[in-house]
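Novice: The structure that follows is given in the form of C-alpha coordinates.
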Amino acid sequence: MTITIYDVAKEAKVSMATVSRVVNNNPNVKEDTRLRVQEVIKKLRYTPNAVARGLASKKTTTIGIVLPDIADLSSAEIVSGIESVANMYKYNIILANSCDDQEIEKNIFASFVSKQVDGIIYLGHSLSDSSKNYLQDIQIPVVLAGNLGTDSEFYSVNIDYEKAAYDVTKEFLSKGTKNISLVIDKYESQKTQRLIKGYKDALASEKVEFKPQNIIDGYRTYKESNKLYKAVSNIEAEVVITMFDEVALATMQQALDLGMSIPGDLQILSLENTKLINMTRPKISSIFQPIFDIGAVSMRVLTKIIDIEKAKRKGEEIDEEELAELKAQEKEMNLPYRIVHRQTTK
(Lines give C-alpha, C1' and ligand atoms only; values in the text may rest on other atoms or scores of the structure.)
Protein backbone atom coordinates (compact mmCIF):
# COMPACT_ATOMS: atom_id res chain seq x y z
CA MET A 1 0.00 0.00 0.00
CA THR A 2 1.33 3.46 -0.92
CA ILE A 3 1.72 5.81 2.05
CA THR A 4 0.74 9.36 1.20
CA ILE A 5 1.09 12.76 2.82
CA TYR A 6 -2.59 12.44 3.77
CA ASP A 7 -1.83 9.29 5.79
CA VAL A 8 0.99 11.05 7.66
CA ALA A 9 -1.17 14.10 8.38
CA LYS A 10 -4.01 11.95 9.67
CA GLU A 11 -1.76 9.84 11.89
CA ALA A 12 0.05 12.88 13.31
CA LYS A 13 -3.22 14.83 13.65
CA VAL A 14 -1.92 17.82 11.70
CA SER A 15 -2.68 19.39 8.32
CA MET A 16 -1.00 18.24 5.11
CA ALA A 17 0.58 21.71 4.90
CA THR A 18 2.25 21.13 8.27
CA VAL A 19 3.66 17.80 7.06
CA SER A 20 5.02 19.57 4.00
CA ARG A 21 6.70 22.24 6.17
CA VAL A 22 8.37 19.54 8.24
CA VAL A 23 9.57 17.75 5.11
CA ASN A 24 10.93 21.04 3.74
CA ASN A 25 12.58 22.00 7.06
CA ASN A 26 10.43 25.10 7.31
CA PRO A 27 11.15 26.84 10.65
CA ASN A 28 7.48 27.88 11.13
CA VAL A 29 6.58 24.64 12.93
CA LYS A 30 6.49 24.11 16.70
CA GLU A 31 9.25 21.79 17.86
CA ASP A 32 6.90 19.27 19.50
CA THR A 33 4.79 19.17 16.32
CA ARG A 34 7.92 18.71 14.19
CA LEU A 35 9.08 15.79 16.32
CA ARG A 36 5.63 14.17 16.22
CA VAL A 37 5.43 14.43 12.44
CA GLN A 38 8.98 13.11 11.99
CA GLU A 39 8.15 10.15 14.23
CA VAL A 40 5.07 9.32 12.11
CA ILE A 41 7.09 9.69 8.88
CA LYS A 42 9.59 7.21 10.24
CA LYS A 43 6.88 4.85 11.54
CA LEU A 44 4.95 4.80 8.26
CA ARG A 45 8.13 4.84 6.12
CA TYR A 46 6.77 7.75 4.15
CA THR A 47 8.91 8.98 1.27
CA PRO A 48 7.75 12.40 0.01
CA ASN A 49 7.87 12.98 -3.71
CA ALA A 50 8.84 16.21 -5.37
CA VAL A 51 5.27 17.39 -5.82
CA ALA A 52 4.34 16.66 -2.19
CA ARG A 53 7.36 18.65 -1.02
CA GLY A 54 5.88 21.65 -2.80
CA LEU A 55 2.54 21.47 -1.00
CA ALA A 56 3.02 24.81 0.73
CA SER A 57 2.72 26.59 -2.63
CA LYS A 58 -0.88 25.36 -2.91
CA LYS A 59 -0.75 25.51 -6.70
CA THR A 60 -0.23 22.88 -9.37
CA THR A 61 -2.89 23.85 -11.94
CA THR A 62 -3.61 20.13 -12.26
CA ILE A 63 -6.95 18.31 -12.24
CA GLY A 64 -7.32 14.61 -11.47
CA ILE A 65 -10.00 12.69 -13.38
CA VAL A 66 -11.25 9.31 -12.20
CA LEU A 67 -12.54 7.08 -15.01
CA PRO A 68 -14.56 3.89 -14.37
CA ASP A 69 -13.15 2.24 -17.51
CA ILE A 70 -10.55 3.67 -19.87
CA ALA A 71 -12.45 2.15 -22.82
CA ASP A 72 -15.83 3.61 -21.81
CA LEU A 73 -17.17 5.73 -24.69
CA SER A 74 -19.27 7.99 -22.48
CA SER A 75 -16.27 8.77 -20.27
CA ALA A 76 -14.17 9.55 -23.33
CA GLU A 77 -16.72 12.10 -24.55
CA ILE A 78 -16.98 13.69 -21.09
CA VAL A 79 -13.18 13.96 -20.91
CA SER A 80 -13.21 15.75 -24.28
CA GLY A 81 -15.53 18.34 -22.77
CA ILE A 82 -13.36 18.64 -19.67
CA GLU A 83 -10.23 19.13 -21.80
CA SER A 84 -11.82 21.89 -23.84
CA VAL A 85 -12.33 24.02 -20.71
CA ALA A 86 -9.13 22.87 -18.97
CA ASN A 87 -7.07 24.08 -21.95
CA MET A 88 -8.89 27.41 -21.86
CA TYR A 89 -7.97 27.93 -18.19
CA LYS A 90 -4.50 26.38 -18.57
CA TYR A 91 -5.06 23.35 -16.35
CA ASN A 92 -3.23 20.08 -16.82
CA ILE A 93 -5.10 16.79 -16.54
CA ILE A 94 -4.19 13.48 -14.93
CA LEU A 95 -6.36 10.53 -15.99
CA ALA A 96 -6.72 7.49 -13.73
CA ASN A 97 -8.65 4.29 -14.47
CA SER A 98 -10.40 2.80 -11.42
CA CYS A 99 -11.66 -0.31 -13.27
CA ASP A 100 -14.85 0.36 -11.26
CA ASP A 101 -13.04 -1.06 -8.21
CA GLN A 102 -13.39 0.72 -4.84
CA GLU A 103 -9.94 -0.25 -3.57
CA ILE A 104 -8.24 0.96 -6.74
CA GLU A 105 -10.34 4.11 -6.51
CA LYS A 106 -9.11 4.88 -2.97
CA ASN A 107 -5.50 4.43 -4.10
CA ILE A 108 -6.16 6.85 -6.96
CA PHE A 109 -7.46 9.49 -4.56
CA ALA A 110 -4.37 9.00 -2.38
CA SER A 111 -2.19 9.38 -5.45
CA PHE A 112 -3.99 12.60 -6.38
CA VAL A 113 -3.30 13.96 -2.89
CA SER A 114 0.41 13.16 -3.25
CA LYS A 115 0.46 14.86 -6.65
CA GLN A 116 -1.23 17.87 -5.07
CA VAL A 117 -4.04 18.20 -7.62
CA ASP A 118 -6.16 21.34 -7.37
CA GLY A 119 -9.41 19.49 -7.94
CA ILE A 120 -10.98 16.16 -8.91
CA ILE A 121 -13.66 15.29 -11.45
CA TYR A 122 -15.23 11.92 -10.73
CA LEU A 123 -16.72 9.94 -13.64
CA GLY A 124 -17.22 6.63 -11.82
CA HIS A 125 -20.62 4.95 -11.87
CA SER A 126 -21.17 5.09 -8.11
CA LEU A 127 -19.22 6.86 -5.36
CA SER A 128 -18.92 4.59 -2.30
CA ASP A 129 -19.42 5.93 1.23
CA SER A 130 -15.77 5.28 2.09
CA SER A 131 -14.59 7.22 -0.99
CA LYS A 132 -17.03 10.02 -0.22
CA ASN A 133 -15.73 10.32 3.36
CA TYR A 134 -12.13 10.26 2.14
CA LEU A 135 -12.77 13.04 -0.36
CA GLN A 136 -14.45 15.16 2.30
CA ASP A 137 -11.50 14.61 4.65
CA ILE A 138 -8.83 15.70 2.17
CA GLN A 139 -10.82 18.83 1.30
CA ILE A 140 -9.95 18.91 -2.37
CA PRO A 141 -12.73 20.38 -4.56
CA VAL A 142 -14.70 17.60 -6.29
CA VAL A 143 -17.30 17.64 -9.07
CA LEU A 144 -19.24 14.55 -10.16
CA ALA A 145 -19.76 14.33 -13.93
CA GLY A 146 -22.53 12.12 -15.29
CA ASN A 147 -23.35 10.61 -11.91
CA LEU A 148 -24.80 11.53 -8.52
CA GLY A 149 -23.66 11.58 -4.93
CA THR A 150 -25.93 11.47 -1.90
CA ASP A 151 -27.33 14.46 -0.02
CA SER A 152 -25.66 16.86 -2.49
CA GLU A 153 -22.30 16.82 -0.70
CA PHE A 154 -20.57 17.55 -4.01
CA TYR A 155 -21.48 19.54 -7.10
CA SER A 156 -22.69 17.28 -9.91
CA VAL A 157 -23.55 17.77 -13.58
CA ASN A 158 -26.04 15.43 -15.27
CA ILE A 159 -29.40 15.34 -16.92
CA ASP A 160 -32.55 14.84 -14.83
CA TYR A 161 -32.47 11.02 -14.89
CA GLU A 162 -35.76 10.62 -13.07
CA LYS A 163 -37.65 12.85 -15.48
CA ALA A 164 -35.92 11.31 -18.51
CA ALA A 165 -37.01 7.81 -17.47
CA TYR A 166 -40.51 9.11 -16.75
CA ASP A 167 -40.82 10.88 -20.12
CA VAL A 168 -39.66 7.97 -22.25
CA THR A 169 -41.72 5.38 -20.34
CA LYS A 170 -44.79 7.62 -20.50
CA GLU A 171 -44.34 8.07 -24.26
CA PHE A 172 -44.25 4.30 -24.88
CA LEU A 173 -47.31 3.83 -22.64
CA SER A 174 -49.23 6.55 -24.48
CA LYS A 175 -48.73 4.60 -27.71
CA GLY A 176 -50.36 1.53 -26.20
CA THR A 177 -47.23 -0.39 -25.14
CA LYS A 178 -47.65 -1.86 -21.65
CA ASN A 179 -44.89 -4.40 -21.05
CA ILE A 180 -41.73 -2.28 -20.74
CA SER A 181 -38.47 -3.59 -19.33
CA LEU A 182 -35.84 -1.37 -17.69
CA VAL A 183 -32.31 -2.84 -17.78
CA ILE A 184 -29.98 -1.39 -15.14
CA ASP A 185 -26.44 -1.87 -13.86
CA LYS A 186 -26.93 -2.09 -10.08
CA TYR A 187 -29.62 -0.93 -7.67
CA GLU A 188 -27.23 0.79 -5.24
CA SER A 189 -26.35 3.87 -7.30
CA GLN A 190 -28.28 7.11 -6.96
CA LYS A 191 -28.55 7.34 -10.75
CA THR A 192 -30.25 3.94 -10.94
CA GLN A 193 -32.65 4.83 -8.15
CA ARG A 194 -33.68 7.99 -10.00
CA LEU A 195 -34.30 6.03 -13.21
CA ILE A 196 -36.39 3.42 -11.40
CA LYS A 197 -38.49 6.10 -9.70
CA GLY A 198 -39.21 7.85 -13.00
CA TYR A 199 -40.10 4.52 -14.61
CA LYS A 200 -42.47 3.56 -11.76
CA ASP A 201 -44.10 6.99 -11.65
CA ALA A 202 -44.85 6.81 -15.38
CA LEU A 203 -46.48 3.40 -14.95
CA ALA A 204 -48.54 4.70 -12.04
CA SER A 205 -49.65 7.76 -14.04
CA GLU A 206 -51.14 5.45 -16.68
CA LYS A 207 -52.50 3.00 -14.07
CA VAL A 208 -50.26 0.22 -15.39
CA GLU A 209 -49.22 -2.38 -12.82
CA PHE A 210 -45.54 -2.36 -11.90
CA LYS A 211 -43.94 -5.79 -12.32
CA PRO A 212 -40.69 -6.19 -10.33
CA GLN A 213 -39.42 -8.78 -12.83
CA ASN A 214 -39.46 -6.10 -15.54
CA ILE A 215 -36.46 -4.42 -13.93
CA ILE A 216 -33.46 -6.50 -14.94
CA ASP A 217 -30.20 -5.71 -13.14
CA GLY A 218 -26.55 -6.56 -13.59
CA TYR A 219 -25.87 -5.31 -17.12
CA ARG A 220 -23.47 -2.53 -18.11
CA THR A 221 -21.15 -3.80 -20.87
CA TYR A 222 -21.60 -5.62 -24.17
CA LYS A 223 -19.82 -8.69 -22.80
CA GLU A 224 -22.04 -8.88 -19.70
CA SER A 225 -25.14 -8.71 -21.90
CA ASN A 226 -24.48 -11.81 -24.04
CA LYS A 227 -27.56 -13.58 -22.68
CA LEU A 228 -29.74 -10.59 -21.89
CA TYR A 229 -32.29 -11.24 -24.65
CA LYS A 230 -33.26 -14.49 -22.97
CA ALA A 231 -34.22 -12.58 -19.81
CA VAL A 232 -36.10 -10.03 -21.92
CA SER A 233 -38.03 -12.72 -23.81
CA ASN A 234 -38.89 -14.57 -20.59
CA ILE A 235 -40.95 -11.58 -19.44
CA GLU A 236 -42.30 -11.04 -22.98
CA ALA A 237 -41.13 -7.43 -23.06
CA GLU A 238 -42.36 -5.27 -25.91
CA VAL A 239 -39.87 -2.47 -25.14
CA VAL A 240 -36.41 -2.57 -23.59
CA ILE A 241 -34.97 0.61 -22.07
CA THR A 242 -31.28 0.27 -21.19
CA MET A 243 -28.95 2.46 -19.13
CA PHE A 244 -26.05 1.88 -21.52
CA ASP A 245 -25.59 1.83 -25.30
CA GLU A 246 -23.52 -1.37 -25.26
CA VAL A 247 -26.37 -3.20 -23.53
CA ALA A 248 -28.88 -1.90 -26.08
CA LEU A 249 -26.60 -3.05 -28.91
CA ALA A 250 -26.14 -6.53 -27.41
CA THR A 251 -29.90 -6.94 -26.94
CA MET A 252 -30.62 -5.84 -30.49
CA GLN A 253 -28.04 -8.17 -32.04
CA GLN A 254 -29.29 -11.18 -30.07
CA ALA A 255 -32.88 -10.47 -31.13
CA LEU A 256 -31.87 -10.09 -34.78
CA ASP A 257 -29.83 -13.31 -34.66
CA LEU A 258 -32.98 -15.11 -33.55
CA GLY A 259 -34.96 -13.72 -36.49
CA MET A 260 -36.84 -11.08 -34.51
CA SER A 261 -37.94 -7.85 -36.17
CA ILE A 262 -36.63 -4.55 -34.75
CA PRO A 263 -38.72 -2.52 -33.98
CA GLY A 264 -41.62 -4.73 -35.09
CA ASP A 265 -41.27 -7.46 -32.45
CA LEU A 266 -39.14 -5.54 -29.97
CA GLN A 267 -38.42 -1.85 -29.47
CA ILE A 268 -35.11 -0.75 -27.92
CA LEU A 269 -34.04 2.61 -26.49
CA SER A 270 -30.85 3.59 -24.64
CA LEU A 271 -30.54 6.26 -21.96
CA GLU A 272 -26.85 6.92 -22.66
CA ASN A 273 -26.36 8.28 -26.21
CA THR A 274 -22.66 7.82 -27.06
CA LYS A 275 -21.31 7.80 -30.63
CA LEU A 276 -21.95 4.05 -30.75
CA ILE A 277 -25.68 4.35 -31.38
CA ASN A 278 -25.15 5.96 -34.78
CA MET A 279 -22.73 3.23 -35.85
CA THR A 280 -25.24 0.40 -35.68
CA ARG A 281 -27.75 -0.88 -38.21
CA PRO A 282 -30.50 -0.25 -37.35
CA LYS A 283 -29.55 2.92 -35.49
CA ILE A 284 -30.55 2.83 -31.83
CA SER A 285 -33.09 5.27 -30.40
CA SER A 286 -32.00 7.12 -27.28
CA ILE A 287 -32.40 9.85 -24.72
CA PHE A 288 -30.07 12.46 -26.15
CA GLN A 289 -27.92 13.83 -23.35
CA PRO A 290 -25.15 16.38 -24.08
CA ILE A 291 -22.22 14.23 -22.92
CA PHE A 292 -19.51 16.65 -24.12
CA ASP A 293 -21.27 19.54 -22.37
CA ILE A 294 -21.50 17.56 -19.12
CA GLY A 295 -17.69 17.44 -19.12
CA ALA A 296 -17.27 21.09 -20.09
CA VAL A 297 -19.71 22.38 -17.46
CA SER A 298 -18.17 20.13 -14.78
CA MET A 299 -14.73 21.58 -15.47
CA ARG A 300 -15.99 25.17 -15.46
CA VAL A 301 -17.75 24.65 -12.13
CA LEU A 302 -14.58 23.12 -10.70
CA THR A 303 -12.45 26.11 -11.80
CA LYS A 304 -14.87 28.44 -10.00
CA ILE A 305 -14.66 26.41 -6.79
CA ILE A 306 -10.86 26.25 -6.99
CA ASP A 307 -10.50 30.00 -7.59
CA ILE A 308 -12.75 30.86 -4.64
CA GLU A 309 -11.06 28.38 -2.30
CA LYS A 310 -7.58 29.65 -3.23
CA ALA A 311 -8.64 33.26 -2.66
CA LYS A 312 -10.06 32.39 0.78
CA ARG A 313 -6.93 30.47 1.73
CA LYS A 314 -4.61 33.32 0.74
CA GLY A 315 -6.83 36.03 2.22
CA GLU A 316 -7.22 37.59 -1.21
CA GLU A 317 -10.25 39.35 -2.62
CA ILE A 318 -12.82 36.88 -3.96
CA ASP A 319 -14.23 37.38 -7.45
CA GLU A 320 -17.76 38.43 -6.46
CA GLU A 321 -19.19 37.67 -9.90
CA GLU A 322 -17.77 34.15 -9.83
CA LEU A 323 -19.00 33.62 -6.27
CA ALA A 324 -22.49 34.84 -7.18
CA GLU A 325 -22.61 32.49 -10.18
CA LEU A 326 -21.61 29.53 -8.02
CA LYS A 327 -24.13 30.38 -5.30
CA ALA A 328 -26.88 30.77 -7.90
CA GLN A 329 -26.28 27.25 -9.20
CA GLU A 330 -27.88 24.25 -7.60
CA LYS A 331 -25.32 21.73 -6.38
CA GLU A 332 -27.05 19.21 -8.64
CA MET A 333 -27.04 20.75 -12.12
CA ASN A 334 -29.19 19.22 -14.85
CA LEU A 335 -28.56 19.92 -18.53
CA PRO A 336 -31.34 19.63 -21.16
CA TYR A 337 -32.13 16.34 -22.91
CA ARG A 338 -34.58 15.08 -25.52
CA ILE A 339 -35.95 11.79 -26.81
CA VAL A 340 -34.50 10.87 -30.21
CA HIS A 341 -36.29 8.12 -32.16
CA ARG A 342 -34.09 6.44 -34.72
CA GLN A 343 -34.68 2.94 -36.15
CA THR A 344 -35.25 0.76 -33.08
CA THR A 345 -38.53 2.36 -31.98
CA LYS A 346 -41.81 2.89 -33.77
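Novice: Give me the three principal axis extents of segment 55-158 from the C-alpha atoms, as integers in angstrom, largest value leading.
Specialist: Extents along the principal axes, in whole Å: 32, 29, 24.
Novice: Still on this structure, I have one more. May I ask you to give the solvent-accessible area per residue for the chain, in square angstrom, as obtained with a 1.4 angstrom probe?
Specialist: I get 48 Å² per residue for the chain.
Novice: Using a 1.4 angstrom probe and counting only protein chains, how large is the accessible area of residue 130 in Å², to 10?
Specialist: 50 Å²
Novice: A further question on this structure: How much of the calculated P(r) for segment 222-297 lies past 13 Å, in percent of all Cα pairs?
Specialist: Roughly 64 percent, once rounded to a whole number.
Novice: What are the extents of the Cα atoms of segment 210-346 along their three principal axes, listed from largest to smallest and rounded to whole Å?
Specialist: Sorted from largest, the Cα extents of segment 210-346 read 68, 28, 28 Å.
Novice: What's the percent breakdown of Cα-Cα distances in the chain across 10 Å bins, shortest bin first?
Specialist: Here the calculated profile for the chain is 5, 23, 28, 20, 13, 8, 3, 0.
Novice: Within segment 202-275, list the GluC sites (Glu not before Pro) lying in a DSSP loop whose Cβ has at most 11 other Cβ atoms in a 10 Å radius.
Specialist: Sites meeting the loop and neighbour criteria: 209, 236.
Novice: Above 14 angstrom, tally the Cα pairs of segment 5-48 and express them as a % of all pairs, no decimals.
Specialist: Taking all Cα-Cα pairs of segment 5-48, the fraction more than 14 Å apart is 32 percent.
Novice: Still on this structure, I have one more. In whole Å and largest first, what semi-axes does the C-alpha gyration tensor of segment 161-289 yield when each eigenvalue is scaled by 5 and square-rooted?
Specialist: 20, 16, 14
Novice: Suppose R0 equals 30 Å; then what is the FRET efficiency for residue 28 and residue 310 from their Cβ-Cβ distance, rounded to the nearest 0.05?
Specialist: About 0.90, to the nearest 0.05.
Novice: Next question. For residue 194, what accessible surface area do you get with a 1.4 Å probe? Give it in Å², rounded to 10.
Specialist: Counting only protein heavy atoms, the figure is 60 Å².
Novice: Another question, then. Can you give the FRET efficiency to the nearest 0.05 for residue 15 and residue 187, using r as the Cβ-Cβ distance and R₀ = 41 Å?
Specialist: 0.60
Novice: Probe radius 1.4 Å, ligands and nucleic acids ignored: give me the carbon and sulfur share of the accessible area of segment 161-289 as a rounded percent.
Specialist: Taking all protein chains in place, segment 161-289 shows 49 percent carbon and sulfur surface.
Novice: So, with +1 on the Cβ of K and R and -1 on the Cβ of D and E, and no other charges, what is the size of the charge dipole of segment 5-48 about its Cα centre, to the nearest 20 debye?
Specialist: Charge dipole, segment 5-48, about its Cα centre: 40 debye, nearest 20.
Novice: Which three numbers, in whole Å and largest first, are the semi-axes of the equivalent ellipsoid of segment 85-227 derived from its Cα gyration tensor as √(5λ)?
Specialist: 35, 16, 14
Novice: Sorted by accessible area (1.4 Å probe), largest first, how do 302, 276 line up?
Specialist: Per-residue accessible area, sorted high to low, gives 276, 302.
Novice: So, one more: By the scheme Lys and Arg +1, Asp and Glu -1, what is the net charge of all other residues having a beta-carbon under 13 Å from that of residue 164?
Specialist: After counting each charged neighbour, the total is 0.
Novice: Let me ask something else about it. Relative contact order of the chain, please, whole-number percent, based on alpha carbon pairs below 8 angstrom and at least 6 residues apart.
Specialist: The value is 17 percent.
Novice: Taking the chain as a Gaussian network, Cα atoms linked when under 10 Å apart, which of 124, 146, 264 shows the biggest mean-square fluctuation?
Specialist: Largest GNM mean-square fluctuation: 264.
Novice: Counting only the heavy atoms of the protein chains, how much of residue 10 is accessible to a 1.4 Å probe, in Å² to the nearest 10?
Specialist: Rounded to the nearest 10, that gives 130 Å².
The values are calculated or read from the model by the stated rules, or taken from the named source; none is laboratory data. What you see is a predicted model; the values in this text were computed from it and never measured. Positions of Cβ are generated from backbone atoms using ideal geometry, with glycine treated the same way; all protein chains shown enter the neighbour counts. For accessibility, only protein heavy atoms count, side chains too; no ligands or nucleic acids. Shrake-Rupley method; radii C 1.70, N 1.55, O 1.52, S 1.80 Å.
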